[in-house]
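Below is one structure; the comments refer to it alone.
The values are calculated or read from the model by the stated rules, or taken from the named source; none is laboratory data. The shown structure was predicted, so the numbers you read here are calculated from the model rather than taken from an experiment. Please note that ligands, DNA and RNA were not included when accessible areas were found on the heavy atoms of the full protein model with its side chains. Shrake-Rupley method; radii C 1.70, N 1.55, O 1.52, S 1.80 Å.
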Amino acid sequence: MKRNNPLKRKMSQFSYDHKNLDDQVLRIRKSANELTKLLDKMSSKDKNEEKNVTFHGMGK
């Protein structure tokens with residue numbers, strides 16, 4: 001019968017418990033990047049609309 005080293009056993013358990021953590025963090029990071037792009041597009045669109053309103057209001 002083979003005995004397991006307690007440190008190896010704990011490391012294996014830790015690895016098993018956290019194996020999907022990297023994938024979850026990657027998904028969150030990807031979602032955050034997509035949200036940032038969406039908000040940037042919306043804010044630039046709002047700025048352009050504000051400029052158009054300003055110019056139209058001045059008669060140009």
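Quick notes on this structure:
- Residue under evaluation residue 54, criteria (1) in a helix (DSSP H, G or I); (2) open to solvent by 100 Å² or more (accessible area, probe 1.4 Å); (3) at pLDDT below 70, criterion not met: (2)
- Residues of region 1-41 satisfying the condition of being hydrophobic (A, V, I, L, M, F, W, C), open to solvent by 100 Å² or more (accessible area, probe 1.4 Å) and part of a helix (DSSP H, G or I): 7, 11, 14, 26, 28
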